[in-house]
Amino acid sequence: MLVSEKQPEKLLILGSDYGTIDIAQQAKKRGLYVIATDLMETSPTKAVADQAWTVSTADIDRLEQLCKKNGVTAIITGASDFNIEKSRELCKRLDLPLYCSNDRAWQISTNKRLFKDLCKQLGAPVAQDYHLSDELTEEELNAIAFPVVVKPVDLSGNRGMSYCSNCAELKTAFAKAKEASSNGTIIVERELHGPEFYVNYAIADGEAVLQFFTSEHNEPGLPDNLYSIIITTSYQLKKYLAEVNDKVIEVFKQAGCREGIAWVETILDEDGSFYLLEMGYRHGGDIITAGYKNICGFDTIDWMIDISCGIQHSPRDLPKPLTEPTDGVAASYYLFAREDGSIAEIIGLDEVEAHPYVSMDIPKREGGSVKALGAMGMARLHAKNIDELCATIDFINKTLFINDSNGDNMFVKYTDFSALHEEHYKGLCEYGLAAKGAPC
């Protein structure tokens, strides 16, 4: 690793979204002076920072002035495409180290159409899609084999996305996606059915290695794509490595991803094949690396701070590629709101934060408003085995309460521990590891 002679003195964090609390804490440990900015009066990230500005991350002109006045020498963000886009513009103006200096790489990572087209070009698997005009002509609609998914190219987290089983639903969904998108380009593609996986890579000097492989789980009875638990797994890892991994690495390389971290989401469809859904060139919102670093020893928060500070990495600095099950388990537990409301009190947070295998990231606090099925925060977990991990989730369920004014808990509590156990042992069996407890 090539280390600059002098560490930047002041690091500006844009936003108080997921991952920024970890950045602020780690940056201060490294001796950096931390400034956080957004329109929130207070946040956990601002509480940790040395200085807080109440300035919108969209107000680039004002931020440019403040950075010059205060001697800011590095800029970083959490898991937000919007804030990374703003940081890129701000860094260009200030001539500071720039994450994702390749504009094409950034465009492909934030535009599902461009990503999908590159995958097709390179032979990476994606679902069949249909090119429709805004008029949705009868000829176009007759060519569609339902069911399909309708989604904007420029939004993540299922925003603006709909599942359609007929033409009437598609027309409604198309208008909804158009309204939600700032780009206006809509994808209509075959609906896939099967387990979803989130796959994370670390990149140095254009070389990418698979860092971790996770599966996504919803609480039974709630929407299938409302994933409360994202957990490291070896289930289907061997198949992914054999059929998809090399293609994904080639997609990153051809897109121009040179440094940092990137990820893809993929579905193992009922036809037995993986299909790629989208990619990101940033931390995922789950920040599962906060727990996973305790298992693999590689800290992507530190990795991204390095890049923001102008410290270059070589492929020698990359972690060992994931090829087999790890000894430990890591997970992120999203705290989704059951319904619209306002947070009146949070009970048990101190006890949960004191747990040795838990780190909390809850930007929403007392007085904050939430929307139904929106995330209020998350717990990041690690454990030596699946039993310990499930026990930790159960501890959170019994200890933490995010209550409304009626004293009712607002977040969805994940309880399907049998599904986590079953998948975990299936993964071990795929690698012939019955000696580790798998009932193969």
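Which of the residues spanning the range 16-52 are open to solvent by 20 Å² or more (accessible area, probe 1.4 Å) and either closer than 17 Å to Glu85 by Cα or not in a helix (DSSP H, G or I) (or both)?
Residues satisfying the conditions are Asp17, Tyr18, Arg30, Gly31, Tyr33, Leu39, Met40, Glu41, Thr42, Asp50, Gln51, Ala52.
Can you give me the number of residues within the range 256-276 that are farther than 17 Å from Asp81 by Cα and hydrophobic (A, V, I, L, M, F, W, C)?
The number of residues fulfilling the criteria is 4.
I'm trying to understand the selection: among the residues of the range 363-378, which are out of contact with any Leu (no Cβ under 7 Å at 6 or more places or on another chain) and not acidic (Asp, Glu)? Step through it out loud before you land on a result.
Of the range 363-378, the ones out of contact with any Leu (no Cβ under 7 Å at 6 or more places or on another chain) are 363-372, 374.
If the condition is that a residue be out of contact with any Leu (no Cβ under 7 Å at 6 or more places or on another chain) and not acidic (Asp, Glu), then Pro363, Lys364, Arg365, Gly367, Gly368, Ser369, Val370, Lys371, Ala372, Gly374 are the ones that fit.
Among the listed residues Met376, Met410, identify the single one that is open to solvent by less than 30 Å² (accessible area, probe 1.4 Å), more than 25 Å from Gln236 (Cβ to Cβ), in contact (Cβ under 8 Å) with a residue 60 or more places away in the chain and of a type in the set (A, V, I, L, M, F, W, C). First the steps, then the outcome.
Working: Met376 fails: in contact (Cβ under 8 Å) with a residue 60 or more places away in the chain.
Of the residues listed, the single one that is open to solvent by less than 30 Å² (accessible area, probe 1.4 Å), more than 25 Å from Gln236 (Cβ to Cβ), in contact (Cβ under 8 Å) with a residue 60 or more places away in the chain and of a type in the set (A, V, I, L, M, F, W, C) is Met410.
Any chance you could count how many residues in the range 93-149 are touching a residue at least 40 places away in the same chain (Cβ under 8 Å) and among the basic types (Lys, Arg)?
4
Does the range 344-360 contain any residue that is assigned to a loop (DSSP other than H, G, I, E, B), in contact with a Cys (Cβ under 8 Å, 6 or more places away or on another chain) and open to solvent by 20 Å² or more (accessible area, probe 1.4 Å)? It would help to see each step written out before you state the result.
If we filter the range 344-360 for residues that are assigned to a loop (DSSP other than H, G, I, E, B), which is where we start, we get 344, 348, 354-357.
Retained after the next criterion (residues that are in contact with a Cys (Cβ under 8 Å, 6 or more places away or on another chain)): none.
The answer is no; no qualifying residue exists.
Just give me the residues in the range 53-71 being assigned to a helix (DSSP H, G or I) and either among the acidic types (Asp, Glu) or within 22 Å of the chain's Cα centre (by Cα) (or both), in sequence order. Explain how you work it out, then say what you get.
Within the range 53-71, the first condition is being assigned to a helix (DSSP H, G or I), and the residues that meet it are 60-70.
Matches in the range 53-71: Asp61, Glu64.
Condition check ((1) assigned to a loop (DSSP other than H, G, I, E, B); (2) over 20 Å from Ala383 (Cα atoms)) across all residues:
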position: Ala262; (1), (2): no, yes
position: Ile287; (1), (2): yes, no
position: Ala290; (1), (2): no, no
position: Asp302; (1), (2): no, yes
position: Ile307; (1), (2): no, yes
position: Arg316; (1), (2): no, yes
position: Lys320; (1), (2): yes, yes
position: Glu324; (1), (2): yes, no
position: Ala330; (1), (2): no, no
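For every residue, the table says whether it meets (1) assigned to a strand (DSSP E or B); (2) among the hydrophobic types (A, V, I, L, M, F, W, C); (3) open to solvent by less than 40 Å² (accessible area, probe 1.4 Å).
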| residue | (1), (2), (3) |
| --- | --- |
| Val209 | yes, yes, yes |
| Phe213 | yes, yes, yes |
| Ser228 | yes, no, yes |
| Ile231 | yes, yes, yes |
| Lys253 | no, no, no |
| Thr266 | yes, no, yes |
| Arg282 | no, no, yes |
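The values are calculated or read from the model by the stated rules, or taken from the named source; none is laboratory data. This is a predicted model, so every value here is computed, not measured. Please note: Cβ atoms are built from the backbone with ideal geometry, for glycine as well, and neighbour counts cover all protein chains shown. The accessibility values were calculated without ligands, DNA or RNA, using every heavy atom of the protein model including side chains. Shrake-Rupley method; radii C 1.70, N 1.55, O 1.52, S 1.80 Å.
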